[in-house]
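Contents: one structure, followed by commentary.
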Amino acid sequence: MSQLAKKRAALLVVGMHRSGTSALTRLVNLMGCDLGTALLAARANDNETGFWEHQDLNLLHEEMLVAIGKWWADFRPWPANWATTPVAESFAARIADIVQRDFANVSLFAIKDPRLCRLLPIWQQAAAACDLDLRVAFILRHPSEVVQSLSRRDGLSASHGALLWWRYLIEGERCSRQLPRAALTYDHLLQDWQQAIGQLGQRLKIEWPVQIDAVSPEVEDFLNPALRHNKRIDLNTLGVAESARLQQLYSLFENADGPDGFPLPAAMDRHAADVEPAMAMIEPWLREQDHDLAVLRQLLSSEPAHSQAVHAEVRRLRQDIESLTARLRKTE
């Protein structure tokens, strides 16, 4: 008998934006994981084959970020002890309510949202409230591919995208340590999805409700290599500072030989310790830029005639932020 038959389980698909979370979520869905009925719609030139995200939970996750004055592309650390505040606890209760509403009679379901890298503490509270067994499937993609994809979709600079990739990876790994988890790379998923899903099931002690042979034709069509728009390149060519550090961090996962596919926590902590001081140093200055950008946005909405000048000033401020960030990282 599957271990999951004893308790309702949620498989959280965790990973940075543009890292293959959608592909992995659709795969585990075909293998028998329920996703709920109201999902985000696919979008042309973004996720053509679907996001596979629970719409209400996605909106709730976004609301959580707004509540602490953040957004998905903010690479800075969040306020200390934010997960234990009354506001955070109220969000955990709302997650539990949605789970109870939509998955009350489901033994195995999957939830995907890249924000989960930073919201796992809230989900752990929610799981305790509704007697839910959480398991984490963590997927990562080479930083150069993520950086290119973010530039193409969102217009983010290479430096901004690289810092986001680092933050989501560090926090997703750290916040999942107390949970049953398994890591895999996007390359592994595309090169041999059958081995990847089999290994994922073994590591998480999940017996997939559907046999691989039953879904193989649909998966082969779904994981179409033609949908991979960005190829791995040298981060140096993108102008990313400390590109060797990011490559080394990715290599830790590629070469991880532990039972869950993750590097040793001590190695991950050393990487975090190398970068976090620089983040703390620039935090006060970045807060000032946040204020300036907010003022400019207000002017933009109230004074359309000055929109061109305002846009130029916003671009200048962003360039200043990225330039300072790159200089600080070079001095480490």
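The values are calculated or read from the model by the stated rules, or taken from the named source; none is laboratory data. Fair warning: this is a prediction, and the values are worked out from it, not measured in the lab. Glycine also receives a Cβ, built like all others from the backbone with ideal geometry; neighbour counts cover every protein chain displayed. Note: accessible area is taken over every heavy atom of the protein model, side chains too, but ligands, DNA and RNA are not part of it. Shrake-Rupley method; radii C 1.70, N 1.55, O 1.52, S 1.80 Å.
Being surrounded by 24 or more Cβ atoms within 10 Å (Cβ to Cβ) and at pLDDT below 95 narrows it down to one residue among SER149, SER157, SER144; which is it?
SER144
Suppose we keep only residues that are closer than 17 Å to LEU223 by Cβ and in a loop (DSSP other than H, G, I, E, B) within region 36-49. Which one would you say is modelled with the lowest pLDDT?
GLU48
Which pairs have Cβ atoms under 7 Å, sit 6 or more apart or on different chains, and link a residue in region 186-210 that is closer than 17 Å to THR21 by Cα and modelled with pLDDT under 95 to one that is open to solvent by 30 Å² or more (accessible area, probe 1.4 Å) and part of a helix (DSSP H, G or I)?
Cβ pairs passing all conditions: LEU190/PRO225.
For SER22, work out the one condition from (1) out of contact with any helix residue (DSSP H, G or I) (no Cβ under 9 Å at 6 or more places or on another chain); (2) buried (at least 19 other Cβ atoms within 10 Å of the Cβ); (3) modelled with pLDDT under 90 it doesn't fulfil.
(3)
Among the candidates LYS70, LYS112, which residue alone is over 30 Å from VAL210 (Cα atoms) and basic (Lys, Arg)?
LYS70
Of everything in region 256-274 that's in a helix (DSSP H, G or I), under 19 Å from the mean Cα position of the chain (by Cα) and among the hydrophobic types (A, V, I, L, M, F, W, C), which residue is farthest from LYS205 (Cα to Cα)?
Among those residues, the one meeting the criterion is ALA272.
I'd like to check something: does region 218-241 contain any residue that is surrounded by 12 or more Cβ atoms within 10 Å (Cβ to Cβ), among the hydrophobic types (A, V, I, L, M, F, W, C), without any contact (Cβ under 8 Å) to a residue 40 or more places away in the chain and farther than 25 Å from ARG26 by Cβ?
no
Output the number of residues of region 158-202 satisfying the condition of being farther than 12 Å from ALA137 by Cα and in contact with a Phe, Trp or Tyr (Cβ under 8 Å, 6 or more places away or on another chain).
5
Pairs under 8 Å by beta carbon, first residue crowded, with 16+ Cβ neighbours inside 10 Å in region 77-88, partner aromatic (Phe, Trp, Tyr), six or more apart or different chains?
Close Cβ pairs satisfying both conditions: ALA88/TRP82.
What are the pairs, 6+ residues apart or on separate chains, where a residue within region 253-269 that is closer than 16 Å to TYR168 by Cβ has its Cβ under 9 Å from a residue that is part of a loop (DSSP other than H, G, I, E, B) and open to solvent by 20 Å² or more (accessible area, probe 1.4 Å)?
Partner pairs satisfying both residue conditions: PHE262/ARG177; PHE262/ALA256; PRO263/ASN255; PRO263/ALA256.
Tell me, yes or no, whether region 157-180 has at least one residue that is touching a His at 6+ places or on another chain (Cβ under 9 Å) and more than 21 Å from LYS70 (Cβ to Cβ).
No, region 157-180 has no match at all.
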